[in-house]
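Below is one structure, written out as structure tokens; the observations come after it.
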Amino acid sequence: TATRLYNKIMNEIKKRIMEHEGFRDVAYNDTLGIATIGYGHMILPEDNIQIGSKYSKEYLTEIFEKDFEIAVKGSKKLIEQYLTNLYTLDVPPSAIAKIEGVLIEMVFQMGRPRVSKFKKMFKALNQGDFNTAADEMMDSRWADQTFERALNLSHIIRLL
């Protein structure tokens, strides 16, 4: 069924994000100095998580699930805002699912406001120009900071 396929795709995206993020059960400051825990969760004051303290995998997986849902909602908003042609182009549903997956991961990592600044990438995606979209992903501070991840995600787009 469609629901089962959707859940399978979402689980694959979650797995890829978890692999890219890695897992730490002790709060730490990431490469940009941002307090982080679990699967790349940016610690917020309301989390009441202490740097150097250890937390259970179950608790941190719950936080990941919430962060993932925020990323899914954020990517949907970006698609509505910037990819108005995507569903009218001759793009197969499997390619659209891959674009959504890449956007979910980008929003998970950077947040919707930062991903919304990838104007040239969105313009290229909206025109079905996947090579240019991938080039624009790599021509970014994001790619400079997390090169392997950006390369991996841009490669998914380039192969569409």
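The values are calculated or read from the model by the stated rules, or taken from the named source; none is laboratory data. Please read these numbers as outputs of a predicted model, since none were measured by experiment. Here the Cβ positions follow ideal geometry from the backbone for every residue, glycine too, while neighbour counts run over all protein chains shown. Surface areas here come from the heavy atoms of the whole protein model, side chains and all, with no ligands, DNA or RNA. Shrake-Rupley method; radii C 1.70, N 1.55, O 1.52, S 1.80 Å.
Rolling a 1.4 angstrom probe over region 1-120 with all protein chains present gives an accessible area of which 54% lies on carbon and sulfur atoms.
Per residue, the chain exposes an accessible area of 59 Å² to a 1.4 Å probe, with every protein chain left in place.
Sum up the charges of everything whose Cβ sits under 10 Å from the Cβ of Tyr82, counting Lys and Arg as +1 and Asp and Glu as -1, but leave Tyr82 out. So the environment of Tyr82 carries a net charge of +2. Between the beta carbons of Met18 and Asp135, assuming R0 = 25 Å, the FRET efficiency works out to 0.35 to the nearest 0.05. Extension gain, Met42 to Thr61: 0.36 nm times the residue separation minus the Cα-Cα distance gives 5.5 nm. Net charge dipole, region 1-142: roughly 200 debye, given to the nearest 20, about the Cα centre with Cβ charges of +1 for Lys and Arg and -1 for Asp and Glu. Solvent-accessible surface of protein heavy atoms, probed at 1.4 angstrom with all chains present, puts Leu83, Leu89 in the order Leu89, Leu83, largest first. For Thr146, the accessible surface of its heavy atoms amounts to roughly 40 Å² (probe 1.4 Å, protein chains only, rounded to the nearest 10).
For Val26, the solvent-accessible surface with a 1.4 Å probe is about 50 Å², rounded to the nearest 10. In terms of accessible area, using a 1.4 Å probe and ignoring ligands and nucleic acids, Met137, Met110, Met42, Met18 rank largest first as Met42, Met18, Met110, Met137.
Stretching the chain fully between Asn7 and Thr31 yields a gain of 5.4 nm (0.36 nm per residue, less the alpha carbon separation). In this structure, the pairs whose alpha-carbon distance is over 18 Å, taken from Lys76/Lys98; Lys15/Lys98; Lys15/Lys119; Lys8/Lys117, are Lys15/Lys119; Lys8/Lys117. Listed options for semi-axes √(5λ) of the Cα gyration tensor in Å are (1) 45, 19, 13; (2) 29, 18, 13; (3) 37, 21, 13. The value calculated from this structure is the one marked (2). Beyond 32 Å between alpha-carbons counts as too far, so tell me which of Lys73/Lys123; Lys57/Lys120; Lys54/Lys123 fall in that bin. Cα-Cα > 32 Å for Lys57/Lys120; Lys54/Lys123; rest within. Listed values for region 100-105 are Karplus-derived 3J(HN,Hα) couplings in whole Hz (6.51 cos²θ - 1.76 cosθ + 1.60, θ = phi - 60°), namely 4, x, 5, 5, 4, 5, and x replaces Gly and Pro. Of the chymotrypsin sites (Phe, Trp or Tyr not before Pro) found in region 54-160, those that fall in a DSSP loop while having at most 10 other beta-carbon atoms within 10 Å are Tyr87.
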